[in-house]
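Each value in this text was obtained by applying a stated rule to the coordinates, not by laboratory testing. Quantities reported herein were computed from a predicted structural model and do not represent experimental measurements. Don't worry about glycine lacking a Cβ; one is built from the backbone with ideal geometry, like all the others, and counts go over all protein chains shown.
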Amino acid sequence: MQISVRRNDKTTIFDFSGDIDFASSPVVRDSVLREIRESHTPRVAVNLSQVRYIDSSGVASLVEGLKASRDLGSRFILFGLSRPAREVLQLSRLIKVFEIYDNEEQAMDS
Amino acid sequence: MMLALYSNPKWLSVVRGTVERLTETLGFPIAQCRSITRAVDEALTNIVRHSYGNRLDQPIAMYFRSAQRRHDGQVQQGLEILLCDRGPAVDPCKLHGRSLDEIRPGGLGLHFIRQAMDTVEFTRKGPTNRLRLVKYLAQGNNAL
């Protein structure tokens, strides 16, 4: 799994690619939570378009990001969901819990 | 087919690749290949986390073999996957996924396993925890 981070004054975008599983999800969790809690970024967006696999621990990391954002009054956005990512969020019935956009442009315009 | 591995999460991706190719070869539809692979991955993760407490060097054995059942008067072929570990006995009462109505991290793995498989059975035999997962092919898919 690879992570790259892009920042501007109001938004941080995480580009995740590869497999988010029990081996790699702690890095996802720590990166997202640090950005929300320590950097206090008003909007954190997660690009899931290149995610080939995500397991329940990866989903749990996203839920933690969402909850941390809600606690601090910031926004936590997902966009560009790959088929595996969409499938898992649907299976867990979390698809409607997250703020989700088809692509980065829509996410940034929101 | 049999796989023997240690409880290091770095092997999860190797097992996923193996199970995905195996289920494709056996003729499961692509969506079921993904869901069976997910179920096995979640089951292995549970062993690493809960049975072995995240220790990396504990043994896990996986057995893959064909299964059969009679369904609607016809013989249905399937794949049986047996996952064995030597961790402490698991309390069967704890093998229930959480309600999906709760929005909180964790507890989804068992839900994914039960959604994917036709049979999910846990037994303890001597010092071994055994999780038996079976998925049957829909009628007409007989690549097994």
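Some points to look at:
- Evaluating A:Ile77 against the criteria (1) within 14 Å of another protein chain (Cβ to nearest Cβ); (2) at negative phi leaves one unmet condition, (1).
- If the condition is being within 13 Å of chain A (Cβ to nearest Cβ) and either touching a residue at least 60 places away in the same chain (Cβ under 8 Å) or part of a helix (DSSP H, G or I) (or both), then the stretch B:39-62 contributes B:Ala39, B:Val40, B:Asp41, B:Glu42, B:Ala43, B:Leu44, B:Thr45, B:Asn46, B:Ile47, B:Val48, B:Arg49, B:His50.
- Verdict on A:Arg86 being without any contact (Cβ under 8 Å) to a residue 40 or more places away in the chain, among the basic types (Lys, Arg), surrounded by fewer than 21 Cβ atoms within 10 Å (Cβ to Cβ) and part of a strand (DSSP E or B): no
- Meets criteria (facing chain B (nearest Cβ under 9 Å), outside any helix (DSSP H, G or I) and of a type in the set (Gly, Ala, Ser)) for A:Ala23: yes
- Residue ID - nearest to A:Ala23 (Cα to Cα), chosen from residues in the stretch B:13-53 that are in contact with a Ser or Thr (Cβ under 7 Å, 6 or more places away or on another chain) and aliphatic (A, V, I, L, M): B:Val48
- Residue within the stretch B:14-26 that is within 14 Å of chain A (Cβ to nearest Cβ), among the small types (Gly, Ala, Ser) and surrounded by fewer than 21 Cβ atoms within 10 Å (Cβ to Cβ) present: yes
- Selected residue [more than 14 Å from chain B (Cβ to nearest Cβ) and of a type in the set (Gly, Ala, Ser)] from A:Ala45, A:Ala60: A:Ala45
- Single residue of the stretch A:80-101 satisfying the filter (of a type outside the set (Ser, Thr, Tyr) and in contact with a strand residue (DSSP E or B) (Cβ under 7 Å, 6 or more places away or on another chain)) that is farthest from the other protein chains (Cβ to nearest Cβ): A:Gly80
- Count of the stretch A:63-74 residues which are more than 10 Å from chain B (Cβ to nearest Cβ) and touching a Leu at 6+ places or on another chain (Cβ under 8 Å): 1
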